[in-house]
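One structure is given here, and the rest of the page talks about it.
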Amino acid sequence: MRIVAGGGVMLQTTSPQKVLHLTGEASFSPVLDDDAWPIPPTKPAITIPGIKEDGSHFPVEKIEAHVKGLHHQALSVFVFYQGELLIQQRAAEKYHCGGLWANTCCSHPHFGEDVADAADRRLMEELGFKLPIEQRLIVEYSADVGGGLWERERVHMFRAEIADKSQLEVKMNPDEVQDCRWISCEALREEIGTSPEMFTPWFRIYVKEYPSLDF
């Protein structure tokens, strides 16, 4: 599939914005022995930014954050062409929601990494391209993502508009993505309505809150 890749990347971010809460606040934080975790921690450890009550960050191992439902930072990227969104089907081997459809790219920054830099990095790692993106919103949600794992995320939402699909070459990383396609917002709402189990919980939350994805 050929879809926008220029040479370099320009990341455009807006000034800090109010955090919009899309679901009820999750207050749980289960206490588990390491032996009780549904999946083991990453080796070597991948640390992401956990969020304290005062809003400051602390390093937390990625799997621990999802086993314990810890508040943490994340990112989501949405790439559009004339009202169609590029969506991805997560690789079956992903640690949660394998095989489900999601927005263009969703991930976490490393601890200490700028979130816009992380969005740029993950687009390249997952889909093999770079393009100018703009931060539009910061949202929070909580969701059960199956397998004993929970998301409790503060998500920086990035958006990109491309002028010509033929200018963007998508090179899917099979460890991350097993398929991708373009879909209109109307068709996306219809598919989620008839087959919600085929889509990740966070993507369903986003589409419910922003049916036209006009954030």
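Stokes-Einstein at 37 °C, 0.692 mPa s, Kirkwood radius from Cα pairs: D for the stretch 57-163 in µm² s⁻¹? Don't jump to the answer; show the numbers that get you there.
Values: Rh = 14.4 Å.
It diffuses with D of about 227 µm²/s by this estimate.
Under a 5 Å amide H cut-off, with hydrogens placed 1.01 Å from N, Met172 pairs with nothing among residues at least 5 apart or on other chains. Here the residues Glu140, Glu186, Glu113, ranked from fewest to most Cβ neighbours within 10 Å of their Cβ, fall in the order Glu186, Glu113, Glu140. The Glu191 and Asp54 beta-carbon pair, evaluated with R₀ = 45 Å, returns a calculated FRET efficiency of approximately 0.65. Other residues lying with their Cβ under 15 Å from the Cβ of Pro59 contribute a combined charge of 0, Lys and Arg counting +1, Asp and Glu -1.
By the rule of a C-alpha distance below 28 Å, with chain neighbours fewer than 8 residues away ignored, the lysines paired with Lys62 are Lys18, Lys43, Lys52, Lys94, Lys130, Lys171, Lys208. As a rough footprinting exposure proxy, the listed residues Thr104, Thr200, Thr194 were ranked by other beta carbons within 10 Å of their own, and the order from fewest upward is Thr194, Thr200, Thr104.
Taking only the Cα atoms of the stretch 106-185, the ratio Rg/Rh comes out at 0.98, with Rh defined as the Kirkwood radius.
Read-outs: derived from the displayed coordinates by stated rules, not from any lab. Quick caveat: nothing in here was measured; it's all calculated off a predicted structure. Here Cβ is always computed from backbone atoms with ideal geometry, including for glycine, and neighbour counts include all displayed protein chains.
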